[in-house]
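Here's the structure, in structure tokens; my notes come after.
The values are calculated or read from the model by the stated rules, or taken from the named source; none is laboratory data. Model, not experiment: these values are computed from the prediction. So basically every Cβ, Gly included, is an ideal-geometry build from the backbone, and we count neighbours across all protein chains shown. Only protein heavy atoms, including side chains, enter the accessible area calculation; ligands, DNA and RNA are left aside. Shrake-Rupley method; radii C 1.70, N 1.55, O 1.52, S 1.80 Å.
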Amino acid sequence: MAESKQGKRMPAERLLDDDVLLEELRKGSPEAVEALFDRFHGKIYGLAMSILKNESDAEEATQDVFLTVFQKAHTFKGNSALYSWIYRICVNACLMRLRGKRRQETVSIEEFMPVFTEDGMHTSPVEDWSKEVERKMLDKELGRVIKKFTDELSEKYRVVFVLSDVEGMSNEETAQILGLTVPAVKSRLHRARLFLREQLSRYLQEGKTA
Amino acid sequence: MNCKELVYLLGEYLDGSMEEHLRKDLDGHIAMCDSCTNFLNTYDTTRIICRQVQLSEIPEEFRERLRTFVVAKAKEHHQGIEKYRRMAAEEQRRQVEELLRAFREGRLSSSLSLLFDTHRDRCETCGEFLRAQNGGAVPETIPRDIEEHLAEFLEAIPAGEEPFRT
Ligand SMILES: [Zn+2]
Ligand SMILES: [Zn+2]
């Protein structure tokens, strides 16, 4: 029956508990390795892709992350969540890889920061396109464009943006993963959003004039 | 409060971590500034719509290649550890056997001798076993828990002191 068919899945459910999973990993349980892989490979690869922007680099970084997790499984103390420990390993693995490479040219974020007059007013009136975008929320083209804009962020801002706004981590978690202070996370996130807001603004404007 | 200051503070305004008097200032400015109202709306929408960004999905062929790699490495890693554990266990057993032989033959260093004597009188696990050793009985096997206790003695020796005379 359904019960016996699912019999094999029982241990996997037990392995959803971080402590159990780690304990089993330390013992070298093959099911635990599979469970760890199933649970994290997609996230690790996605995060690595968003930092490295290259498929084969992201694949290698993902390999590195799993190797590090096996080697350090016995040192993980459990004072942070398992996923945030793994994300941290992933970010570090990616940054190591970036260090070895010539930085790709990224768009200067400064060119997309809002500009003000000397007495702190907007230099030109700001349009409200929020309703328009909300209507297009599920539009494939818009999704593609936003992805392109986020890829243009330099990694300093992109990593923070991905962890906080895409992955939905709290500022504290992001700070912990990246080894930054919370104010530093907030300020980078704010600048990333300002950049994306301006990019979207220009994109929508062009759509109207074209 | 001007537009520039408002834009600078938007993140905190939206995440709710802003102090009440500052928030009132911002509300006041927004109420009379169209550009800032629009800026706030579009900033907030940006934040919301960007949550829909999907992380790149792993291509299927990568996934299977990666799975094979990860499973193999995990196995390799574990076998390495197991080998090390076995070697360490054998080493400990050998050391404890030597230690016991030295105990039977009265060759222990003075500090170890003292440790053994006090332990024999106080430890329920080892007491009887050690008294038999005093009588010269060579044990066939050393029970696991007794081995652990005796192995601890080796760690307690002051640096530079030999545990027993050879
Ligand atoms: Zn204003
Ligand atoms: Zn004892």
Rounded to whole Å and ordered largest first, report the semi-axes of the equivalent ellipsoid of chain B derived from its Cα gyration tensor (root of 5λ).
74, 27, 13
Straight-line reach from A:K140: which lysines have Cα under 19 Å away, leaving out those fewer than 8 places along the same chain?
A:K131, A:K148, A:K208
For region B:3-50, what are Rg and Dmax over the alpha carbons, in angstrom?
10.3, 30
Residue-span extension gain [A:R135 to A:E172] - 0.36 nm each, minus C-alpha spacing
10.1 nm
For region B:60-156, which whole-number percentage of the solvent-accessible area (1.4 Å probe, protein heavy atoms only) is attributable to carbon and sulfur atoms?
49
Taking the Cα atoms only, what angle lies between the long axis of helix A:55-72 and the longest principal axis of chain A, rounded to 10 degrees?
40
Using alpha-carbon pairs under 8 Å, 6+ residues apart, how would you state the relative contact order of chain B in percent?
19
What ³J(HN,Hα) values, in whole Hz, does the Karplus curve 6.51 cos²θ - 1.76 cosθ + 1.60 give for region B:156-165 when θ = phi - 60°, with x put for Gly and Pro?
7, 5, x, 4, x, 8, 6, x, 7, 7
Among A:K53/A:K77; A:K72/B:K75; A:K101/A:K156; A:K72/A:K156, which pairs are too far apart, with a Cα-Cα distance over 22 Å?
A:K53/A:K77; A:K72/A:K156
On average, how much area does the Cα convex hull of the protein assembly as shown cover when viewed from any direction, in nm²?
31.5
Specify, per residue and in Å³, the volume enclosed by the convex hull of the alpha carbon atoms belonging to chain A.
178
Folded to 0 to 90 degrees: helix A:82-99 orientation relative to chain A principal axis, Cα:
60
Cα-based Rg then Dmax for region A:71-142, in Å, read 21.5, 58
Going by Cβ distance under 4.7 Å, what cysteines of chain B have no possible disulfide partner?
B:C3, B:C50
Computed D for region B:60-156, Stokes-Einstein, Kirkwood radius over alpha-carbon pairs, 37 °C, 0.692 mPa s, to the nearest µm² per second, is 206
Please give the FRET efficiency for A:T68 paired with A:E13, using the beta carbon to beta carbon distance and R0 = 25 Å, rounded to the nearest 0.05.
0.45
